[in-house]
Each structure stands twice: as structure tokens, then as C-alpha cells.
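The values are calculated or read from the model by the stated rules, or taken from the named source; none is laboratory data. If you're wondering where the values come from, they're calculated on a predicted model, not measured in any experiment. FYI the Cβ positions are ideal-geometry reconstructions off the backbone, even for glycines, and counts take in every protein chain you see. Remember, those area values only see protein heavy atoms, side chains included, never the ligands or the DNA or RNA. Shrake-Rupley method; radii C 1.70, N 1.55, O 1.52, S 1.80 Å.
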Amino acid sequence: MSDPLTKARTYEAGRESQISPAQRPGFHLSPRVGWMNDPNGFSWYGGQYHLFYQYNPYDTVWGPMHWGHAVSRDLLHWQFLPAALAPDTPPDQDGCFSGSAAALPDGRHLLLYTGVRRKAGTDQFFQTQCLAVGDGVNYEKYSGNPVLDQTVLPQGACPYDFRDPKLWQKADGTFRCVAGARLDGGSGSILRFRSRDGFHWEPDGILEENRLGYGCMWECPDYFSLDGKQVLLVSIVGAQDVPVDGVELPPGNHVLCLMGHEGPDGRFRQESLQAVDCGLDFYASQTLLSPDGRRILVGWMQSWSALDHRSPQPLPWFGQITLPRELSLREGRLIQVPIRELDALRGPAQIADTLRVEGEQLLEAVQGSMLDLTLEAAPGETEPLYESLSLAFTWGETDCVRITFSPAPSTLRLERSGSGSHAWTHTRTCRVENRGGRVKLRAILDRYSLELFVNDGQQVLSCVLYPPQAFQRMRLDVRGSAAVRVESYPLLP
Ligand code: FRU
């Protein structure tokens, strides 16, 4: 084992015990120590789920990128394994960036990732695609690295923006991958590659080009079939107030879901488009196909454009992976719901009641900071349409996070200014389907985050929270009058 990997493994094993379980989310993956960004190598291998992540063990800020590693059987209880990759070979001497994993026919686990190497005397970094092969715990870098370098790029493409390969195996045993690249002219694109054995790769054309429509560079692509369509996920850098779904996405980083089909020329034909998450903290998503055939998505529950700007971080770790979501398509839209495994964490219902709410009401029965709460609102039968409905999770007298539904414009607003977060932004508004004042919200809370699933997964809004004390009460506030059914379960990981 190389010195950098030995050092990282020794360091994380020694420091991990200094983080008490109560200082972490209960069922979301956080880094073993230090900093985490993108989920990597999300795969089913050797009878369990593997989730790697962009990892700087030594600090709670981004730094030399390693791959952290955890395994789980239910995607909720995670066990840390030793760091899998460290920057320790010439093509990845300055970082092991994002990538993916697949099982090889001979039983080994294959990791395909971006190796980063500084161009001498400059601030630019060559990005090439590299392999490591292992047994689910220990991985060895492939002697033929890099397996894809700038020579495979289209003419004029930038060798410093070529990254994040996502690979998969086809039914005929051959492999395919997609990666992000910046073409001549500066616009992002998704390139395709193919391989007969996972080791020897060749270009297979361009899947899709951004043409400077959504951001500039496109990173962390994923590409798969879902309910009869082809789905392309891309993480966009530097978006400028682009309209998606009739809503202006604020400047910054977002994940877009492009739905369509593949033309005979291998090019993607887009039919519809949507933001994967309308909240504040979501980026760099990756999916896998579970053994029972579900397409499951995770993302980094953070966005570069909504990072906490206070240093040092309030907690001894930084970064979380979202609750895994099951994906499907309905009427040209991406539908996302929490993985069904979550139901097993529910304790006895705290409340399962329909209330008539006018003005403010504290729901005494709802307590705790790990919750699975569903709220369904409808206008009172003989009353005018209510003006707004808010639900807030509070600590002390402060609203940690507040969600407000306004039925007339049919918008949902997320606000977390009392959450203890020192991020640059605290609010986000999105449009939801107009159902005449009816709305269904499922909130999943896990100490340091809220994920809100709207109308059975038509939209999701995620955000991180750093409350100075555990939030533990829920307050409803209706301007006007509404019938509100609330069903809340403590989550007991
Ligand atoms: C996305 C990203 C990737 C890159 C990684 C580096 O968040 O910028 O494109 O591989 O992070 O940590």
C-alpha cells in the first residue's frame, strides 16, 4: 500500500472516535472524518451496497481528494471501510476525482475515476480517466493508467475539463461510460466511451452538448433507461438564471434531468427537462440499479454555490449524502420517493389526525429531530381558499426551517435562516402542481437536514441545517382555514 493511503487510513481510524454518533446524522452518510463531496462508485457488489465519496480526511474543507468508502445492506445503516483511494500515482498525484464502479465478470470490483495532475508551473490540472481494481476493501491502481486521456477528446476540447466517468455493464458483457468534457468554444458536453472488458476504452461519440444553454461545464453525468425513456443527469456549473420548468433556477450549481430517447446516431434527443432538486443543497448525483430492479439515486446534500462560508465548521465533519431515492417517470416527469427501506425505521405514530387549522398551532405530539412526517392539506369545504400554509420545525422560539405553501400561485417556499447555517443562501421557491389548494408534503428530518418530497415525489427540496440545539417542535400556521392531516413517525435508526 502506498504511503499516502496508509497515512489516510491511519489518520481516519485514529480520529473517527472523536466524533460521537449523536454529532452525526442518524441515517444519512457523512464522512468518516473531515470533508466529503460527491458520491462516487455507488454500486451493488459482494452482497452489499458500496458508496464511496470525494474525501479530504485531514480537514473539514475541500483538499487533496481521496475516496472514502462505506457499505450498507439497506442504504440507511452505513459501516465505514478504510479509505479506498489516495492521490499516489503520476496521473492522479493531485487528486482522485469523481467516478463510478462496476463488478467485473471475474468477481473483482472495478473503479473508474478521474486522475488529476497539475501541469508544471501552472494552475491548470490535466484530467484523465484511471482505473483501480479490488475486492471491496483494498484497491490497486491499474498499471495501464490513464485509460482515457486527452488524445480521445474531440478536437479543441479542454484537457483540464474532462471528468467524472460513469460506467455500466451492458447485457452482452461489454462496458459503456459517459464523462463530462468542455468542447471547443467552452461549452460542456457528455462524451461516450465503450470497452469490451472494462480496461480498454475507446471513444464512442458525443451523447449530448450543452451549447452554453445550461451553465458552462457539465459534470457528474449519469445515463440510464427508466420506464421506457432514456434519462441523462448532468450537474451544471455556473448556471445563469436559466428557466427550467417555468421557474428561474438561481445562479449556481444544479442537477438537471433530461428525459428523451436516443437517436440512431447515438445522440440524445431531449423531450423534457427538470431540476432534480429544487432545494438549496443538492449536487453531483449518481444512481445504481438495485438487485431488485430499482433505479436509486443519491446526491451530495450540498451545493458549491450554497457552501457554509464560516470557518471552522460548526461540526467536526462536513458534507452529507442525501437519503437514497427511488426513481420513476410519470407523464414526462421524474418522480422521486424515499427508498422503501426507510419505513422500517419508523417508530409508533406520534400523531395521525386530521385537524382544522386557522392561524397558528403548535403540534405538541410531534417531537424529535429524526422524523418522517406527512402533511396533506385541503381547503375547508365551505370556506374560501386559504392564503398560505406554513409548517416550521423549531428549536426554542426559533424556526429552524420553514416551508410555506401558497395555493393561489401554487408555490412552495423553503426558508432556513434560523437553521444555524452560514451558507450564502437560505431561501428557495419553486412552483408545484396546482391542485386547487390540495398539497401533500412528506418531510424527512435527520438532525442536520430536511428533505421534502412534494405531491408523492413530483418535486424534492433538500437542505442542510446546523441548529445550535436539536429542533424538536413543529408549528403550523394557516392564513385562512384548511383541513390538515398530519401523520408523523419518529425515525429510530
Ligand atoms: C463536482 C466535482 C467533480 C469533481 C469533484 C472534485 O462536485 O467538481 O466534477 O470530480 O467535484 O472533488
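Which of the residues that make up the range 130-144 are of a type outside the set (A, V, I, L, M, F, W, C) and either in contact (Cβ under 8 Å) with a residue 12 or more places away in the chain or not in a strand (DSSP E or B) (or both)?
Within the range 130-144, Gly134, Asp135, Gly136, Asn138, Tyr139, Lys141, Tyr142, Ser143, Gly144 meet the criteria.
Of all residues in the range 165-211, which are within 16 Å of the ligand (Cβ to nearest atom), open to solvent by 10 Å² or more (accessible area, probe 1.4 Å) and either under 19 Å from Val133 (Cα atoms) or of a type in the set (Phe, Trp, Tyr) (or both)?
Lys166
So, Gly115, is that one farther than 18 Å from Trp44 by Cβ, in the same structural domain as Thr287 (by TED's automatic domain parsing) and at pLDDT below 95 or not?
The answer is no for Gly115.
Quick check on my filter: what residues within the range 307-332 are in contact with a strand residue (DSSP E or B) (Cβ under 6 Å, 6 or more places away or on another chain) and either open to solvent by 10 Å² or more (accessible area, probe 1.4 Å) or in a strand (DSSP E or B) (or both)?
Within the range 307-332, Asp308, Phe318, Ile321, Arg325, Glu326, Leu327, Ser328, Leu329, Gly332 qualify.
Across the range 18-57, what is the number of residues that are over 28 Å from Ala103 (Cβ atoms) and in contact with a helix residue (DSSP H, G or I) (Cβ under 9 Å, 6 or more places away or on another chain)?
Matching residues across the range 18-57 total 3.
Out of all the residues in the range 120-136, is one or more farther than 28 Å from Gly68 by Cβ and surrounded by 20 or more Cβ atoms within 10 Å (Cβ to Cβ)?
Looking through the range 120-136, none of the residues is farther than 28 Å from Gly68 by Cβ and surrounded by 20 or more Cβ atoms within 10 Å (Cβ to Cβ).
Just to check your reading of the model, which residue among Leu288, Leu256, Leu280 is among the aliphatic types (A, V, I, L, M) and either outside any strand (DSSP E or B) or not assigned by TED's automatic domain parsing to the domain that holds Gly205 (or both)?
Leu280
Among the listed residues Gln155, Gln127, Gln93, which satisfies the condition of being in contact with a Phe, Trp or Tyr (Cβ under 7 Å, 6 or more places away or on another chain) and either touching a residue at least 40 places away in the same chain (Cβ under 8 Å) or farther than 23 Å from Gln320 by Cβ (or both)?
Gln127
Would you pick out the residues in the range 100-111 that are crowded, with 24+ Cβ neighbours inside 10 Å and away from the ligand (no atom under 12 Å from the Cβ)?
Scanning the range 100-111 gives Ala101, Leu110, Leu111.
Run down Val439, Val366, Val432, Val401 and say which single residue is without any contact (Cβ under 8 Å) to a residue 60 or more places away in the chain, open to solvent by less than 50 Å² (accessible area, probe 1.4 Å) and of a type outside the set (Phe, Trp, Tyr).
That would be Val432, the only listed residue that is without any contact (Cβ under 8 Å) to a residue 60 or more places away in the chain, open to solvent by less than 50 Å² (accessible area, probe 1.4 Å) and of a type outside the set (Phe, Trp, Tyr).
Looking at Phe97, is it within 11 Å of the ligand (Cβ to nearest atom) and open to solvent by 10 Å² or more (accessible area, probe 1.4 Å)?
yes
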